[in-house]
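Here's the structure, in structure tokens; my notes come after.
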2 protein chains.
Amino acid sequence: MADNHATAHPPVRFETHPDRYIHWNLAFDGPVARLSMDVKEEKGLRPGYPLKLNSYDLGVDIELADALQRIRFEHPEVKAVVVTSLKDRIFCSGANIYMLGSSTHGFKVNFCKFTNETRLYLEEMSAESGIPSLCALNGTASGGGYELAIACDDIVLADDGSSAVSFPEAPLLAVLPGTGGLTRLVDKRKIRRDLADAFSTIAEGVRGKRAVEWGLVDEAPPKAKFDEVVKRHVEALVAKSKRRPGKAITLAPLGEYKHVSVDLDAKTRVATITMKAPADKAPASADDLAKLGSSAWCIQAWRELDDALLDLRFNQPNIGVVALKTTGNADNVLAWDAFLAKNKEDGLVRETILLMKRVLKRLDMTAKSFFALAEPGSCFVGSLLELALAADRFYMKDDPDAEVSVQASPMNAGLLPMGNGLSRLSTRFLADPSLVGRVLEAGKMDTQAAVKAGLVTFAPDDIDWDDEIRIAFEERAAMSPDAMTGMEANLRFAGPETLETKIFARLSAWQNWIFQRPNAVGEKGALTLYGKPERPEFNWQRT
Amino acid sequence: MADNHATAHPPVRFETHPDRYIHWNLAFDGPVARLSMDVKEEKGLRPGYPLKLNSYDLGVDIELADALQRIRFEHPEVKAVVVTSLKDRIFCSGANIYMLGSSTHGFKVNFCKFTNETRLYLEEMSAESGIPSLCALNGTASGGGYELAIACDDIVLADDGSSAVSFPEAPLLAVLPGTGGLTRLVDKRKIRRDLADAFSTIAEGVRGKRAVEWGLVDEAPPKAKFDEVVKRHVEALVAKSKRRPGKAITLAPLGEYKHVSVDLDAKTRVATITMKAPADKAPASADDLAKLGSSAWCIQAWRELDDALLDLRFNQPNIGVVALKTTGNADNVLAWDAFLAKNKEDGLVRETILLMKRVLKRLDMTAKSFFALAEPGSCFVGSLLELALAADRFYMKDDPDAEVSVQASPMNAGLLPMGNGLSRLSTRFLADPSLVGRVLEAGKMDTQAAVKAGLVTFAPDDIDWDDEIRIAFEERAAMSPDAMTGMEANLRFAGPETLETKIFARLSAWQNWIFQRPNAVGEKGALTLYGKPERPEFNWQRT
């Protein structure tokens, strides 16, 4: 099957640095960071599709994600971000169609997921870090380009008679604006559904005054006044910023993983991720953390986990099940957690906690089955207990001869919420919220206590452990990957839905469906034939 | 393509009557209705699949939907429903696999949607009509069988050493429990996600005490005490029933439509549904309504619309766009609406309003594009205004020579909520809730006033009307049916998500995706090979 060629490309790497950016210019002017898109046509991540008109591929988005992370950690002075383009008359024409048309189904799905995560990071910067953003549309924003714009707080569009905002995906490509666009239209900007319907079917888009009337942009000044209006919006954003003061640190290259190890077993299709507790004492103050810089456990370890998860998604498609393990000194984890919780109002500490939160959400959104395994020597406590709570199942060994224990910390009490807005403990105990407090206050729990507390799925004893675990992994790995992906997407996020869960569950699920339909990707499909002389041919049946 | 054979079968008809039920026995004992499943193997709706072990196809569910409707209208004395089986040791083994395996993609999707609607009707009966339900599992409930059980308020399972509840879809068929099952596990019964994960992958299911411990059933008495425990549960449900008193009426056969007309144009793939205002004066009292019986406009007209929508879904797959029109005396609609709103505490009137609500939700959930058209002589007022609010777009003619008007009634103020729990006006005006009150209080509005009020998408004048409408329908019908289905599913339901919207948007969208994946429906897929000696072969890539 076509998907089996997914790994024919060199593996995708997610680390970069502003010095190496190809497609973005990141500049700073006091409290304002300016992110300007200037995509190099010939520098696509993979060969075969020139990135014309500021269209993007995964490589462009990897740089955007890196830039946002650096603004958070390296630039505590920044209080607003301006996203704009260095190209004349075009802001961004969206995801590159030829890239999409030539990608496997799996790559398309993972590409969309990553771009969605990055757009949500922009919104989290505004909501949680006090760094709102403005999109200065000095030219047309179409498709994913407009989706990037509506991820910003404010949008200013030049009213020059030609610049438009548009979602041409449905009319031209028979797919959806899949990077959160449809959800953001009606749920974030709260645009009337009938106007959203019209907008999403007008390939050429909407300009100037009408774009303002429909709520698609916030202001559309004439070209001559564009810079002045953008300046006014940016000043207002800076004024309303609630960014907390904190020291800057530099995000050093990850290098070889120090706190995370990944074992891949191609035969069983099982990966084992082991996360190590910190070996050092926790910092005494936020200033101490700043001195440690990005090598501090609470930054380095979670950046490594993030990188490992992205590697699993993009470069290890055949891995079906991931064993999550922890090792090291549980007291050290609890000490680092206590430090973080105590100093959470400091800017740098806050960014550290938000990083951990995003990495755990990346895990929630990864289409692999996760089984966490607690054995003697493990340290599923506090922030590392979140790994067990994020897992589809948690196996804890009931060993009379060796202590196995788990313990909560203040980090489990809401500082690391899921996409649904609830902590993992609250999501787990929707049926009886009093159990949340009981776990938080229980202190160290052995296996029997953890079972009673509702934390453990299965607790085989030392005699059965090896066989039970082996069989559980074998059975899981033998099930249909698609059924597991769909099942997990439905079981992991009980409780309230948010913009974020709507984007990943509703919009993405529909897009995944459409990404398989012959009307889009068949021989005569619109995505396949885009840019070619033939017209697409549709099967007209509505489903 | 395979889907083009969907209409080779005789059209599906949705009308039935207890006298003609093949698969269900409906019995009444004072305040208790007893619905017993006894599926006739050889009486499937289509040939080729024996309905063994109380497995079901669409025909079985059409009878269930009819039974629920009749309990509402014909049996105001009923205060609880017992759902059980007449077969020994088996309650229901779910949707018939051979039926699913031999169905087109479109039929599978529409079948699941209809079964989901019927399950939700059971829950609405409990929440809105005061008719809670108990599932008496005198044998195993698997797949859709257990999904039917968890749509009931209470579940009693016989602990006889063999009866189990199970979701074998993922492990055996590589698809999801798609009739709301996964959502109801974690969101309705609030079962812990890790236990839900384990349960959904154990093909043989869970029995007795463990089923109670995991929250899968409410009680699991030994066989000898089963009847006694069921009786106790039923008595408790009857005691808590808040059913409002009201007169019984008989639901007569629909016969030829009197208030709804449907025009199909195979060439343009456009259907026109015209709904007529009542010709008669509104009843003076609930007793008067009971005298009119099911021929009353507020029952007959909406039952006709329901039937027409189901016909479009199942029997007219090539229709892409539906024009919604109204005609007749607007004052009569307002008078009937006023009657309904005034008498909403009466049991019969309440059921009538709930019927209208369900039909409008059926429209919201129908995968066709709806454009409502207001011209001179139309009567988009009150309950009929909901058609325009449910439509993807509302075109209103701006005619200087002939009056075109719209008007709200108390029926638009929350009595006909969408699946998201909000009225269509509230969903439309999420950005500015004050507009809801303004529309409700505005009285009669001409086109210009309706445009200002935010009700109208486009208001062409009499010179442009014909061309604009023709082009709008042509353009819509020319777009990819799949892209339109996905787009509408994302734009129609802004605002809060509920169990219901989660089932239709999240669970169903994933199931639709899986229903296309080779791992399920390919030549070597699990659904295709079910019951055959070959083992399925999976592409192991996780997406």
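The values are calculated or read from the model by the stated rules, or taken from the named source; none is laboratory data. Just so it is clear, the model here is predicted, and its values are computed rather than measured. Glycine gets a Cβ as well: all are built from the backbone with ideal geometry, and neighbour counts include every protein chain shown. Remember, those area values only see protein heavy atoms, side chains included, never the ligands or the DNA or RNA. Shrake-Rupley method; radii C 1.70, N 1.55, O 1.52, S 1.80 Å.
Values as computed for the structure displayed
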quantity	calculated
Residue pairs meeting the criteria (Cβ under 8 Å; at least 6 apart or on separate chains; first under 11 Å from B:Gly130 (Cα atoms), in segment B:226-243; second among the hydrophobic types (A, V, I, L, M, F, W, C))	B:Leu237/B:Ala80; B:Leu237/B:Leu134; B:Val238/B:Val32; B:Val238/B:Ala80; B:Ser241/B:Ala80; B:Ser241/B:Ile131; B:Arg243/B:Val78; B:Arg243/B:Ile131
Hey, B:Ala388 within 14 Å of chain A (Cβ to nearest Cβ) and free of Cβ contacts under 8 Å to residues at least 60 places away in the same chain or not	no
Output for segment B:461-494, where each listed residue is within 30 Å of B:Leu122 (Cβ to Cβ) and more than 7 Å from chain A (Cβ to nearest Cβ)	B:Glu488, B:Phe493
Segment B:185-196: number of residues that are over 14 Å from B:Glu169 (Cβ atoms) and assigned to a helix (DSSP H, G or I)	6
The listed residue being open to solvent by less than 30 Å² (accessible area, probe 1.4 Å), within 22 Å of the chain's Cα centre (by Cα) and touching a residue at least 24 places away in the same chain (Cβ under 8 Å), out of A:Ser36, A:Ser103	A:Ser36
Selection count where residues are under 17 Å from A:Ser162 (Cα atoms) and touching a helix residue (DSSP H, G or I) at 6+ places or on another chain (Cβ under 8 Å), scope segment A:206-235	6
Residue in segment A:229-250 that is surrounded by 19 or more Cβ atoms within 10 Å (Cβ to Cβ) and touching a Phe, Trp or Tyr at 6+ places or on another chain (Cβ under 7 Å) present	yes
Qualifying position, being part of a strand (DSSP E or B), over 26 Å from A:Leu58 (Cβ atoms) and touching an Asp or Glu at 6+ places or on another chain (Cβ under 9 Å), among A:Thr201, A:Thr272, A:Thr268	A:Thr272
Subset of segment A:501-528 that is within 18 Å of A:Thr104 (Cβ to Cβ) and more than 8 Å from every other protein chain (Cβ to nearest Cβ) - its residue that is most open to solvent (accessible area, probe 1.4 Å)	A:Glu523
From the options B:Lys368, B:Lys357, B:Lys344, residue that is open to solvent by 10 Å² or more (accessible area, probe 1.4 Å), touching a Lys or Arg at 6+ places or on another chain (Cβ under 7 Å), among the basic types (Lys, Arg) and within 27 Å of B:Ala65 (Cβ to Cβ)	B:Lys344
Search result, residues across segment B:188-217 that are facing chain A (nearest Cβ under 7 Å), open to solvent by less than 30 Å² (accessible area, probe 1.4 Å) and either of a type in the set (Lys, Arg) or in contact (Cβ under 8 Å) with a residue 60 or more places away in the chain (or both)	B:Arg193
Test for B:Ile131: is it of a type outside the set (D, E, K, R), within 28 Å of A:Ala459 (Cβ to Cβ) and in contact with a helix residue (DSSP H, G or I) (Cβ under 6 Å, 6 or more places away or on another chain)	no
Residue among B:Ala402, B:Ala431 that alone is out of contact with any helix residue (DSSP H, G or I) (no Cβ under 9 Å at 6 or more places or on another chain), open to solvent by 10 Å² or more (accessible area, probe 1.4 Å), of a type in the set (A, V, I, L, M, F, W, C) and closer than 19 Å to B:Glu497 by Cα	B:Ala431
Leading residue by the ranking (surrounded by the fewest Cβ atoms within 10 Å (Cβ to Cβ)) among those in segment B:319-338 that are in contact (Cβ under 8 Å) with a residue 60 or more places away in the chain and away from chain A (no Cβ under 14 Å)	B:Ala338
